[in-house]
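Since the structure comes first, as structure tokens, the remarks are kept for the end.
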Amino acid sequence: MATSSQAAFNRQLKRYYSFYTGGFVAFVILLAIAESLGLPRVWIGYIFLFATIGLYAGIGIMSRTADIAEYYVAGRRVPALFNGMATGADWMSAASFIGMAGGLYLQGYDGLAFIMGWTGGYVLVALFLAPYLRKFGQFTIPDFLGARYGGNIPRLIGVFAAILCSSTYVVAQIYGVGLITSRFTGVEFGVGVFLGLAGILVCSFLGGMRAVTWTQVAQYIILIIAYMIPVVALSMKFTGVPIPQLVYGTVLEKLDKRTVELQKDAKELEVRGIFKDRAAKLNEQVKGLPASFEEQKAAVAKKLEELKATNAPAGQIKAAEKAVADFPKSVDEARTKWTAAARADTGRAAAPFIHSEPFVGATEQVRDNKRKNFLALIFCLMVGTAALPHILMRYYTTPSVDEARKSVFWSLFFIFLLYFTAPALAVLVKFEVYQNLVGTKFTDLPAWVASWQKVDPSLLRITDVNGDGIVQLAEIVIGQDIIVLATPEIAGLPYVISGLVAAGGLAAALSTADGLLLTIANALSHDVYYKMIDPHASTQRRVTISKILLLGVALVAAYVTSLKPGDILFLVGAAFSLAASAFFPALVLGVFWKRATKWGAVAGMVVGLGITMYYMYTRYPFFGVNAPLWWDIQPISSGLWGVPLGIVTIIVVSLLTPQPSKELQELVEHVRYPHLRGDIDTRAT
């Protein structure tokens, strides 16, 4: 039972955040009134950006601390309800807020793997890890590995794995920050990245986990309000009912019927035929390399000369000049570009699929591959969820083991609110595009199309391929990362709601980035510097080192983000596979099998993580290796190989090496019964 001081603290928190929620709603209403009175759109974007970042910075300043327990685990006094909200915000990354509904839009039924995997993962957290790690009472996940298995080698491997998966994850968040700020303020992508980075650092730099926790609670409130309003508006538009989660099935039926119509439409067939011919031509060029490279290069140059000689319109000459400038510089570059373009054109030549139909494919083999990858992705996301260091760290912050268990329930509830809404949002937006955008004249395109095409043509591009002046579905290229952000404009809502959604997406990206950067910095400062280099370092020195590392890690992450190494959902999915293969076998067997040994854990983590990294690197197109897939499993699900191999390796090597000491086995026995009184918090100091 909570002490009287803890109960008073809980009541105080509820009062503060009730006032905060009311104040934020009033702020949005005032901005809506100001917009109706003529406040420019660009000012709305800047106001949302700087007001929210200023709010988070204010919380960070008020929560500044140099106390070790406060900096690393928020003093272990975060109530279950608020830790659930903070975990929800920590979890609701740019992938969940920005990318997930877009993935469902583009993939239909197959995109449900993300929802099922991420949600199911919290069941594993509750059953296998959260209460036991809280009973253990340390600061970080490498802490547990070092104490459970003995020695610095397991700890060091844990640090490497935590940095690897957290770095992969944080790049996706910073990319989301840059995307949002560049769209809603007009600043360049790189500038937007560093503006968001400033908000991240003010929170985590000054107050560590304490500042991050209370900021994440505030961010969750913003992001869930922002996510719900546009979906409710679209639901009202199409069904007249403001509960989209319960009624979007009627719109799904209409969407499927509309899709069947578009599959047979003569104009759609014409456009898809053009793309099919383009793909065939590009494939022939690839087969004809290297001779075709010189032929095409000469043809592009000749066309430019002819246009100039005939005084063609300036627009045509400019397009021809761009074609010359963009032409591949080498045979290898031509092969890469033409192959990618042929693949894209082949995709656009395919008929639109029925949204509610699972595992759509032209052949049984294609459908079987989709089914396998669907299940593999669910497995990797579930196990990865139960092994992500920045999420597991949150359960160190609760006052007791019982509160840690309750915290998992609240985490699931707050995550459920968004996940239950994402499928509805995807269906409603898709129906709007299929029903109202398709068939529109190019001269009458809605304003949101032009504004998003300016941000990044790869996110939205509509071109009149057959020259009839009418938009066909096959002429639309829409990226998954804009579906949520563009929803308010698609729904015809006031621009202030677009600013609100941007603030929600920013809150999602910043909250997760805060937790990830803190995880990386703490692993380096606590597990490497304090535990392995200078065990006698003062409290002040440890916190200072952590802050310096935090700044360095943030700058490196921002630089990597500028390279745009992949889409948000892939980067996040990769992080889950890496975390699953590195941590899950060692953590779960470390809790439930006393016979697991140091060398078993070391071998299991190295083998599991190694095979996952190898498969991901050699199969993901970004790295250019393009090795054949194993059992047709996509690289995002690389953890399918790493997790079972890690488990088998730990068991085999543990049985071949001497059993752990009596003290370690007693430690495992103590941790396995979390209902018993007595945390092991003294070990962390």
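Observations
- Rounded Å value of the spacing that divides the Cα centres of the stretch 578-608 and the stretch 464-540: 31
- Shape summary: the stretch 171-246 maps onto an equivalent ellipsoid whose semi-axes, from the alpha-carbon gyration tensor, are 30, 19, 8 Å in decreasing order.
- Shape descriptor for the stretch 485-549: Rg over Rh equals 1.38 (Cα atoms; Rh from the Kirkwood inverse mean 1/r).
- Magnitude of the charge dipole for the chain, about its Cα centre and with charges confined to Cβ atoms of Lys, Arg (+1) and Asp, Glu (-1), is about 1240 debye.
- Heavy-atom accessible area with a 1.4 Å probe sorts Lys303, Lys662, largest first, into Lys662, Lys303.
- The stretch between Ser330 and Thr657 holds 112.3 nm of extra length on full extension. This uses 0.36 nm per residue minus the Cα-Cα distance.
- Protein accessible area in the stretch 533-617, 1.4 Å probe - carbon and sulfur %: 70
- Packing-based order for 255-263, 493-501, 317-325, using average beta carbon neighbours within 10 Å, highest first: 493-501, 255-263, 317-325
- Local charge for Leu516 was computed over the other residues whose Cβ lies under 15 Å away, with Lys and Arg +1 and Asp and Glu -1, and equals -1.
- When you count the other C-beta atoms within 10 angstrom of each residue and take the mean per peptide, 326-333, 646-653 line up highest first as 646-653, 326-333.
- Theoretical gain in end-to-end length, Met62 to Arg371 [0.36 nm per residue, Cα-Cα removed]: 106.2 nm
- Dipole of the stretch 106-247 [Lys/Arg +1, Asp/Glu -1 at C-beta], most positive-end residue of Gly192, Gln216, Phe114: Gln216
- Taking every alpha-carbon pair under 8 Å whose residues sit at least 6 apart, the stretch 100-222 reaches a relative contact order of 10 percent.
- Shape analysis of the stretch 238-353 based on the Cα gyration tensor places the equivalent ellipsoid semi-axes at 41, 19, 14 Å, largest first.
- Highest mean first, the peptides 519-528, 225-234, 438-447 sorted by other C-beta atoms within 10 Å per residue fall in the order 519-528, 225-234, 438-447.
- Cβ-based charge dipole, the chain, positive-most Cα from Leu39, Met393, Thr181: Met393
- Using just its DSSP H runs of length 4 or more, each adding -39500 (n - 2.57), the chain gives a mean residue ellipticity at 222 nm of -24000 deg cm²/dmol after division by all residues.
- Extension gain for Ser18-Val260 works out to 82.3 nm (0.36 nm per residue, less the C-alpha to C-alpha distance).
- Per residue accessible area in Å² of the chain, where ligands, DNA and RNA are left out and the probe is 1.4 Å: 40
- Cα pair distances in the stretch 258-325, grouped into 5 Å bins until the bin that holds the longest one, percent each: 3, 15, 14, 13, 16, 15, 11, 8, 4, 1
- Cα shape, the stretch 119-178, gyration tensor, a/c 1.5 rule: oblate
- Fraction of alpha-carbon pairs over 49 Å apart in the chain - percent: 17
- Nonlocal amide H pairs with Leu460, under 5 Å, H built at 1.01 Å: Gly479
The values are calculated or read from the model by the stated rules, or taken from the named source; none is laboratory data. These numbers come from a predicted model, not from an experiment. Note: ideal-geometry Cβ built from the backbone for every residue, glycine included; neighbour counts use all protein chains shown. Heavy atoms of the whole protein, side chains included, go into the accessibility calculation; ligands, DNA and RNA do not. Shrake-Rupley method; radii C 1.70, N 1.55, O 1.52, S 1.80 Å.
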